Amino acid sequence: MPKNKGKGGKNRKRGKNEADDEKRELVFKEDGQEYAQVLRMLGNGRCEVMCIDNTKRLCHIRGKMHKKVWIAAGDIILVGLRDYQDDKADVILKYMPDEARLLKAYGELPENIRLNEGIAGGLDEEDDGAGDDYIEFEDEDIDKI
């Protein structure tokens with residue numbers, strides 16, 4: 001049998017179950033920070049976001065959050081703006097859905113932002129024809145096939 005020379009296996013990499021999302025204090029933005037909604041994930045620890053000041057920015061997910069906090073399209077995040085690059089920012093914090101609702105209630109987020117959706121603002125409400133998802137065939141239509 002070969003000797004194990006590493007520091008551990010899959011369970012060590014998985015780490016402890018850090019339940020820090022139970023009840024944490026709501027973090028508001030400071031100067032040099034902005035609220036944003038994720039438009040799409042780009043891979044390699046980057047995402048495209050629409051900031052509250054109506055600017056599209058390319059964001060980099062910081063190493064502390066990488067592979068620990070999962071960010072998806074439509075999430076509300078707090079980004080740190082860069083002094084030297086206006087079109088790029090860094091993800092500081094991801095808000096849980098209940099925290100995002102609180103931010104909207106406090107007036108920090110504008111009313112036109114849509115929470116808890118898969119794609120940020122790109123979906124319209126479904127029309128009344130939602131029951132037309134299936135097609136009925138008559139028996140004679142089946143015989144022709």
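Descriptive notes on the structure:
- Accessible-area composition of region 1-114, carbon plus sulfur, in percent [1.4 Å probe]: 48
- Over 20 Å between alpha carbons, listed pairs LYS29/LYS104; LYS23/LYS88; LYS56/LYS94: LYS23/LYS88
- Take MET50: with every protein chain present and a 1.4 Å probe, its accessible area is about 60 Å².
- Square roots of five times the Cα gyration tensor eigenvalues for region 24-80, Å: 17, 15, 10
The values are calculated or read from the model by the stated rules, or taken from the named source; none is laboratory data. Predicted, not measured: the structure shown is a model, and the values here were computed from it. Ligands, DNA and RNA are stripped out before the accessible areas are found, and what is left, the full protein with its side chains, is counted by its heavy atoms. Shrake-Rupley method; radii C 1.70, N 1.55, O 1.52, S 1.80 Å.
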